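Enquirer: I am attaching a structure below and will ask some questions about it afterwards.
The values are calculated or read from the model by the stated rules, or taken from the named source; none is laboratory data. Since the model is a prediction, treat every value here as computed from it, not as a measurement. Here Cβ is always computed from backbone atoms with ideal geometry, including for glycine, and neighbour counts include all displayed protein chains. Calculation scope for accessible area: heavy atoms of the full protein, side chains included, ligands and nucleic acids excluded. Shrake-Rupley method; radii C 1.70, N 1.55, O 1.52, S 1.80 Å.
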Amino acid sequence: LDAAFKLLRDDSKYDTDELGPLNVAKLAEVAFKEDNTAPNGSSIAFVLEHGGKRALLGADAHPDVMVPALRRYAAEVGEDRVRIDLCKLPHHASDGNVTSEMIEVMDARRYLVSTNGDKFAHPDDAALARIIVSSKRAPAIYCNFATARTSPWVDRAEALGATVLLPKPGRAGLRVSA
């Protein structure tokens, strides 16, 4: 029974709030298993720059492609960490697509999670933890749906100096301003 309880407490796929306080730093270190699906790997991710602002639209890109591309881009624009004003997280903030290394290569504050979580239960807790732990600055994570997956992160993030923003009750979506 103790082993089962430990598994439930340590596994990011379970609602750990019901089992006790969540250790976000430990959750960020959960063993990473990269998404290697062909459909996701064939998606097109890019940085859109307009009016001096940059948005990374991460599509469903694999991190083994995204991280080197961001490093090359940082070198091209003469930055140690590429400045990103808004990062639309790859694959709805899946733990197989969001790595600590990906977050660390960017100088970003605003992250966007676009999913209602119905089909694959995204965003994944480990991905959100990696963003909070690995960001250079206190991150603001914007979620376009308030769900059982996203709502607990409002308090978790606040306790660590980060912010998770959800749509107001009765409203669909939210607006992100630079």
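Yes/no per residue for (1) open to solvent by 50 Å² or more (accessible area, probe 1.4 Å); (2) among the small types (Gly, Ala, Ser):
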{"residue": "Pro123", "(1), (2)": "no, no"}
{"residue": "Ser134", "(1), (2)": "no, yes"}
{"residue": "Ile141", "(1), (2)": "no, no"}
{"residue": "Asn144", "(1), (2)": "no, no"}
{"residue": "Ala148", "(1), (2)": "yes, yes"}
{"residue": "Leu165", "(1), (2)": "yes, no"}
{"residue": "Arg175", "(1), (2)": "yes, no"}
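Enquirer: Let me ask something else. What's the number of the only condition in (1) free of Cβ contacts under 8 Å to residues at least 24 places away in the same chain; (2) small (Gly, Ala, Ser); (3) not in a helix (DSSP H, G or I) that Ala75 fails to meet?
Expert: It fails just one condition, (3).
Enquirer: Something else: For the subset of region 50-61 comprising residues that are free of Cβ contacts under 8 Å to residues at least 60 places away in the same chain and outside any loop (DSSP other than H, G, I, E, B), which member is surrounded by the most Cβ atoms within 10 Å (Cβ to Cβ)? Show your work before the answer.
Expert: First, the residues of region 50-61 that are free of Cβ contacts under 8 Å to residues at least 60 places away in the same chain: 50-52, 54-61.
Of the ones still in play, those that are also outside any loop (DSSP other than H, G, I, E, B) are 50, 54-57.
Details: His50: 7, Arg54: 20, Ala55: 20, Leu56: 27, Leu57: 17.
This residue is Leu56.
Enquirer: Sort through Asp35, Asp80, Asp64 and tell me the only one that's open to solvent by 40 Å² or more (accessible area, probe 1.4 Å) and not in a helix (DSSP H, G or I). Write out each step before concluding.
Expert: Details: Asp35 fails: open to solvent by 40 Å² or more (accessible area, probe 1.4 Å); Asp64 fails: not in a helix (DSSP H, G or I).
Result of the check over Asp35, Asp80, Asp64: Asp80.
Enquirer: Does region 101-114 hold any residues that are open to solvent by less than 30 Å² (accessible area, probe 1.4 Å) and under 12 Å from the mean Cα position of the chain (by Cα), and which are they?
Expert: Selection gives Met102, Ile103, Ala108, Tyr111, Val113.
Enquirer: If we scan region 14-32, do we find a residue that is touching a His at 6+ places or on another chain (Cβ under 9 Å), modelled with pLDDT under 85 and surrounded by 13 or more Cβ atoms within 10 Å (Cβ to Cβ)?
Expert: Narrowing region 14-32 to residues touching a His at 6+ places or on another chain (Cβ under 9 Å): none.
No: zero hits.
Enquirer: Out of all the residues in region 151-173, which are among the polar types (S, T, N, Q) and within 12 Å of Tyr111 (Cβ to Cβ)? Don't jump to the end; show me each part of the working.
Expert: Applying the first criterion (among the polar types (S, T, N, Q)) to region 151-173 yields 151, 163.
Of everything in region 151-173, just one residue is among the polar types (S, T, N, Q) and within 12 Å of Tyr111 (Cβ to Cβ), namely Thr163.
Enquirer: So which pairs qualify, if the first residue must be in region 32-49 and within 16 Å of His122 (Cα to Cα), the second must be at pLDDT 85 or above and open to solvent by 60 Å² or more (accessible area, probe 1.4 Å), the Cβ gap must be under 8 Å, and the two must be at least 6 apart or on different chains?
Expert: Qualifying pairs under 8 Å: Glu34/Asp64.
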